[in-house]
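We did not get these values from a lab; they are worked out from the coordinates using the rules stated. Being a predicted model, the structure only gives us computed values, none of them experimental. Positions of Cβ are backbone-derived with ideal geometry, glycine not excepted, and every protein chain shown enters the neighbour counts.
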């Protein structure tokens, strides 16, 4: 029997389909995103060292010495060359008959995660991955000082199918003058839960998931990685801080370390279980003016691109997930190629992985 | 300068991007969905005449004579062999800790639109296309008698990229025990507009679009086809009845005729302008218990699949449209291959096409 499950954050119902149930191997014919066969450096790539002049002037560069826009960096951020939004100007809200418009004001930046052309995020050393997280935080903190920006979303497109146009490992950041509708819905879901229970929804989700265990994929002292109960997509993952924290920018050093470790572990498991699939990830943090409030609890969503949304999903907003979340979690928990024992640089993840508990409702 | 535009139905902001502006020819490398090169009949196809036993028993068959599940039909509807929802049973709402679930109850049917294996919807005679619309209506009217179903969505996936797994021309129907979140948002948008103006939002949209003309693609006596002001996707189209009507099932015979004509015209223009792209379409009608209310105004959405949603869209719900709606409408209005003069079977569309009015704001 298929099942409707409600996402308590967005209040949306998801259909977990059993008639069409798919195992990891059923998602074949998907783009395989593995950069390791590429050269370490490409003359044409605007993100490779030595090609700094091919991008707009940098807004961040982590390097020991040397000038801005020279090589020698290990993380670098630049404005997007084809930005979706323009950084200069005012909003100028206006009506066009019954319609509402405003200028497309915002910031659109690219964070180049490594100087190596053939190394994607999951395969960086943990210290290098921590520096990527520090760069996200630095750019966030710089941009949120601009009062025009109400929200800053950090995201990643991994693979062509997931919308990436350049292969060199990078993430992006878009600052918008409005709080996005998806975040508004999450805030509304958290407020309704708090009104009723006087507790944070995601804090309770963490407690329930750790107690239940069926959807837990990875865990360390500060974070838990779960397949959400009402995951929209097969093998979708949430990385949630165990302690209540509205903004990812409030992470302390030890939290950044633990975040990098668990992010690496989750991405390696996705690659190992699903044969290097394309994926998107988005960092859901509090709106700029709610950072100090109790109302939000940040998290990261990882969304492997294994299926396509079709007319039903687009028309209704109801997603059909063809892999039961508890089964996806069980597959992802399994040891195997790419899991901690085989990948020395993520050894921490092995220690913190929970025992593969029984299957839960399915 | 890019522009934010608000969709008055869903209240969502869309970014109309100008830096990355794309013309029809820029969407190359997309799947070309043209069935005319296929044979007229395929032994393997479960939707071809003579293969009726390969589907579950039919729930509708338009034929002059002969028994159910024999050949001789020109439109046929059957339950989906791999349904997303199960038709038998009760909802059994239940909690799993803090989560909410219910049984995946619903109906999932396939409407086979033609016996010909190599003819897609846009290339049917108008009378045949009218019969497809009658079949949608018949199945809708049958299913809405079941009190468990709160909403019935009719949709089409055209091409592999759009989620179609079988090439033989077909649409689908899913009845759900809940009103989908997308429809709830549209109802909310229409209610807010009505509270303020005491008029129907889509009735006002029709008036404004016809007066402005910049986004109008086709028009006849009863319907107008526009590129929505805040279209999520490049070359997205809405087919809207000019007269206020909550449910598509209330169409009279003359309205069905005009609807079939304008639907055919719109699909032919999409094929001609964009070189036979994959697309989805969804029929947004009132929830079953609001059919008699003033609160909804039905329409059809056609969504060519030219771009992929990426991490930003998935995380925020804000879509980036890289073709300005007024420019898309201008391209679609142009006469040319596939437009009425070249395609005799849609000659009516030529008569009803409006003059290509000037460009409007862009």
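Give the span of region B:1-146's Cα atoms along each principal axis, as three whole-Å numbers ordered largest to smallest.
Computed over the Cα atoms, the extents are 62, 52, 27 Å.
How long is chain B along each principal axis, judged by its Cα atoms, biggest number first, in Å?
For chain B, the Cα spread along each principal axis is 58, 56, 40 Å.
So, in nm, how far is label residue B:41 from label residue A:146 when the simple model puts each one 7 Å beyond its Cα toward the Cβ?
Label at residue B:41, label at residue A:146, 6.5 nm between them.
P(r) tail for region A:134-207, what percent of Cα pairs lie past 21 Å?
The proportion of pairs with Cα distances above 21 Å equals 51 percent.
Taking a virtual spin label 7 Å from the Cα of residue A:18 along the C-beta vector, which residues in region B:98-113 bring their backbone nitrogen under 16 Å of it?
Label zone hits: B:101-106.
Taking a temperature of 25 °C and a viscosity of 0.890 mPa s, what whole-number D in µm²/s does Stokes-Einstein yield for the protein assembly as shown with Rh from Kirkwood over alpha carbon pairs?
92
When the Cα centres of region A:1-60 and region B:264-319 are compared, how far apart do they sit, in Å?
25
Can you list the residues of region A:187-202 with backbone N under 14 Å from a point 7 Å past the Cα of residue A:250, pointing along Cα to Cβ?
A:200-202
What order do you get for B:100, B:125 when you list them from fewest to most C-beta neighbours inside 10 Å?
Fewest-to-most ranking of B:100, B:125: B:125, B:100.
Between region B:140-190 and region B:212-252, how far is it from one alpha carbon centroid to the other, in angstrom?
19
Neighbour counts of other C-beta atoms within 10 Å: give me B:36, B:293 arranged from fewest to most.
B:36, B:293
Would you mind computing, in nm to one decimal, how far apart the modelled labels at residue B:65 and residue A:334 are, each placed 7 Å from Cα along Cα→Cβ?
5.9
When N is the residue count of region A:209-317, what does its C-alpha Rg come to as a fraction of 2.2 N^0.38 Å?
So the Cα radius of gyration is 1.14 times the expected 2.2 N^0.38 Å.
Other chains' Cβ within 10 Å of A:275-287 residues: what's the mean?
Average neighbour count from other chains, rounded to a whole number: 2.
Rg/Rh for region A:100-176: what does it come to with C-alpha atoms and Rh from Kirkwood?
1.03
So what is the 222 nm mean residue ellipticity for chain B from helices alone, if each DSSP H run of at least 4 adds -39500 (n - 2.57) and you divide by all residues, rounding to the nearest 500 deg cm²/dmol?
Mean residue ellipticity, 222 nm, calculated: -8000 deg cm²/dmol.
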